[in-house]
Amino acid sequence: MITSVLIANRGEIACRIVRTCRELGIRTVAVHSDADDDALHARVADTAVRLPGEAPADTYLRADLIVKAAVAAGADAVHPGYGFLSENADFARAVQDAGLVWIGPPPDAIEAMASKTRAKRLMGLAPLEDVAEPDLPVLVKAAAGGGGRGMRVVRRLEDLPGALETARAEAANAFGDGEVFIEPYVENGRHVEVQILADTHGTVWALGTRDCSLQRRHQKVIEEAPAPGLPADLEDELRALAVRAARAVSYTGAGTVEFLVEGGRAHFLEMNTRLQVEHPVTEAVFGLDLVAEQIRVAEGAALAPEPPRARGHAVEARLYAEDPATDWTPQTGTLHRLTVPDAVRLDTGYTDGDGIGVHYDPMLAKIVAHAPTRAEAIRTLAGALERTVLHGPPTNRDLLIRSLRHEEFTSARMTTAFYDRHLPSLTAPAVDPLAPLAAALAEARTRSRFGGWRNLPSQRQTKRYARAGEEIEVAYAHDRSGLTAEGVRVVHADPSLVVLEADGVRHRYDIARYGDQVHVNTTTLTALPRFPVPQAQHARGSLLAPMPGTVVKLAPGLITGSSVEAGEPLVWLEAMKMQHVISAPTTGTVTAVQVTEGQQVQVGTLLAVVQEQDG
């Protein structure tokens, strides 16, 4: 019987595994990098072990250190979570060789399926072998791992070598394996997958389907179960294929078989030999705890002959610290507050006051709604996201709400190209014209508890804010009658709550301030100084870092005086285990290179300058 589990992971999934282990009476051991010294998963586990290493992102890939930590902490089992070493057969063998229970499929099954190239051949398919002249577009894809890392869409043949190089680097960094392959890229398919659960006695459950078509950078954003609108025969075929894949490798534990569905046909993508990020929607529909089932299977327990009956519909949204309007740029800073309504499930690796750094995936939380029907689940989730209190860096919250309410999604006509078609409309700034005034009135009450009015008429007070790159100035007065503003009636104002009435309609604003950052309901403002501080001016053609990160590569031969073409990649930044390419804004000459490979940079750091070619 398992009594103590080391969780070879971090963040949200580590916290989620701790929760189930605690319910089962199982002791937990966390591992953490130096960057995660005060992370939530290290705090909630019964024991935590530091993983030494110079590069924080790499420490969770050190199988030797993790096995050593498990033995030293007295664990008798290891759960790999997802990502990192979760699909590494050598790690699974090392765990077993140390006399520990591996809470996952047999190493041979991982080896057969975790490499997408081997998995395709096992299923009677094969990736493209001739990379010199493939039919375009193609998808460059990491053979190990997932989550969008090591993936690149290539539409022009001349872009293929660069895409292969970048994908290899991302894959090696994220999974410790730089193997990549290419396959045809289907632009308007649906991403549908089947959750499987198998025991050591020959029983394999196919726990329905999930649709994960809403993706950015090949990483899922919104997932649901069951996949809506599938013909019954196609759904039966998908479940049968998933069971066949599991039996082909004598699979045990939880896993997922992924397909691309287009025109009523299913194309096998891969089998993920681990728990998926989106497993909560299946848990909600089938009334299961898949982590608990993984542990029971690892202990040798038998599944019932048939799985539980599915009930209702579940939808999950992934909340990311990123700005979808600026190429999904990751965001860092302090998560001051995150609170969701009781009607939904929250899985997160953060708590109020935690810092969001540059080393790991920018996912803050998963929010899940379950209801009798799909329409009710969508409505519940969208409403919960609107009422979520979220104070911190920019996130994709508004995008999630608009995606859930988009007619293409509500009618179940979405494909993996959803964001390619609709991103501009989904990321247009949400403007509440009264939010800046509410912020100013709250600040006025903060400054003066007893008033601040004068007997004589005085000049109106003004306050300046920045919102989505736009500067806004608002005015109000503070006299014997209290706070007043043109066009509205101030019903109530204190430092944390302002109520305004406009055209007979009352509007309530909850206010929170952290330094110069002001949160007014779901609007985030930056308070500007009364007298603007002169800002550094950059020359035209300056390339500025769009995010904090590490300069991992400069274009070969990039020096002052180099000639470059518009769109030519010049600097590669790595943040949150993804590489971001900074390209020349124009054809011209490089007049300055301000960074070196390996250098850490902050948002706005000057990387290089390209002077536009005359004529």
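Observations on the model:
- Taken over the range 450-480, the criterion of being at pLDDT below 90, loosely packed, with under 13 Cβ neighbours inside 10 Å and within 30 Å of residue 393 (Cα to Cα) is satisfied by 469, 470.
- First in the range 226-254 and in the same structural domain as residue 302 (by TED's automatic domain parsing), second anywhere and buried (at least 18 other Cβ atoms within 10 Å of the Cβ) and of a type in the set (D, E, K, R), Cβ under 7 Å, 6 or more apart: 227/210; 227/211; 228/211; 228/374; 252/199; 254/293
- Residue match in the range 508-519 (condition: without any contact (Cβ under 8 Å) to a residue 60 or more places away in the chain, surrounded by fewer than 19 Cβ atoms within 10 Å (Cβ to Cβ), farther than 25 Å from residue 363 by Cα and assigned by TED's automatic domain parsing to the domain that holds residue 445): yes
- Members of the range 566-580 found to be aliphatic (A, V, I, L, M) and crowded, with 18+ Cβ neighbours inside 10 Å, listed by number: 570, 571, 573, 575, 576, 578
- Restricting attention to the range 74-84, the residues that are of a type outside the set (Ser, Thr, Tyr), at pLDDT 95 or above, assigned to a loop (DSSP other than H, G, I, E, B) and under 22 Å from the mean Cα position of the chain (by Cα) add up to 2.
- Scanning the range 280-307 for residues that are touching a Leu at 6+ places or on another chain (Cβ under 9 Å), outside any loop (DSSP other than H, G, I, E, B) and more than 15 Å from residue 19 (Cα to Cα) turns up 282, 285, 286, 296, 297.
- You will find that of 72, 45, 92, 55, the residue that is without any contact (Cβ under 8 Å) to a residue 24 or more places away in the chain, surrounded by 24 or more Cβ atoms within 10 Å (Cβ to Cβ) and on the phi < 0 side of the Ramachandran plot is 92 and no other.
- Of all residues in the range 251-272 being outside any strand (DSSP E or B) and modelled with pLDDT of 95 or more, the one that is surrounded by the fewest Cβ atoms within 10 Å (Cβ to Cβ): 252
- Selected residue (criterion: surrounded by the fewest Cβ atoms within 10 Å (Cβ to Cβ)) from residues of the range 273-294 that are over 18 Å from residue 106 (Cβ atoms) and in contact with a Gly (Cβ under 8 Å, 6 or more places away or on another chain): 286
- Every residue from the range 454-508 that is in contact with a strand residue (DSSP E or B) (Cβ under 6 Å, 6 or more places away or on another chain) and of a type in the set (Asp, Glu): 473, 501
- Selection within the range 165-193 - of a type in the set (D, E, K, R) and either within 27 Å of residue 206 (Cβ to Cβ) or surrounded by fewer than 20 Cβ atoms within 10 Å (Cβ to Cβ) (or both): 165, 168, 177, 179, 183, 187, 190, 193
- The conditions of being buried (at least 17 other Cβ atoms within 10 Å of the Cβ) and either touching a residue at least 40 places away in the same chain (Cβ under 8 Å) or within 24 Å of residue 332 (Cβ to Cβ) (or both) are not met by residue 597.
- Residue match in the range 204-219 (condition: more than 16 Å from residue 262 (Cβ to Cβ), in contact with an Asp or Glu (Cβ under 8 Å, 6 or more places away or on another chain) and of a type in the set (S, T, N, Q)): no
- Only residues that are within 24 Å of the chain's Cα centre (by Cα) and of a type in the set (D, E, K, R) were counted across the range 204-245, and they come to 7.
- Of all residues in the range 535-551, exactly one satisfies the criterion of being of a type in the set (Val, Ile, Thr) and either at pLDDT 90 or above or in a loop (DSSP other than H, G, I, E, B) (or both), namely 551.
- Contact annotation: residue pairs with Cβ atoms under 8 Å, 6 or more positions apart or on different chains, pairing a residue in the range 286-304 that is farther than 16 Å from residue 251 by Cα and touching a residue at least 40 places away in the same chain (Cβ under 8 Å) with a partner that is crowded, with 21+ Cβ neighbours inside 10 Å and basic (Lys, Arg), are 291/16.
- The numbered conditions (1) crowded, with 18+ Cβ neighbours inside 10 Å; (2) assigned to a helix (DSSP H, G or I) are all true for residue 314 except (2).
- Only one of the numbered conditions (1) out of contact with any His (no Cβ under 9 Å at 6 or more places or on another chain); (2) more than 30 Å from residue 333 (Cα to Cα) is violated by residue 423, and that is (2).
- Of residues in the range 151-201 being in a strand (DSSP E or B) and under 27 Å from residue 575 (Cα atoms), the one modelled with the highest pLDDT: 191
- Residues (part of a helix (DSSP H, G or I) and hydroxyl-bearing (Ser, Thr, Tyr)) located in the range 369-407: 380, 403
The values are calculated or read from the model by the stated rules, or taken from the named source; none is laboratory data. Since this is a predicted model, take the numbers as computed values, not measurements. Counting neighbours? That spans all protein chains shown, and the Cβs are built from the backbone with ideal geometry, glycine included.
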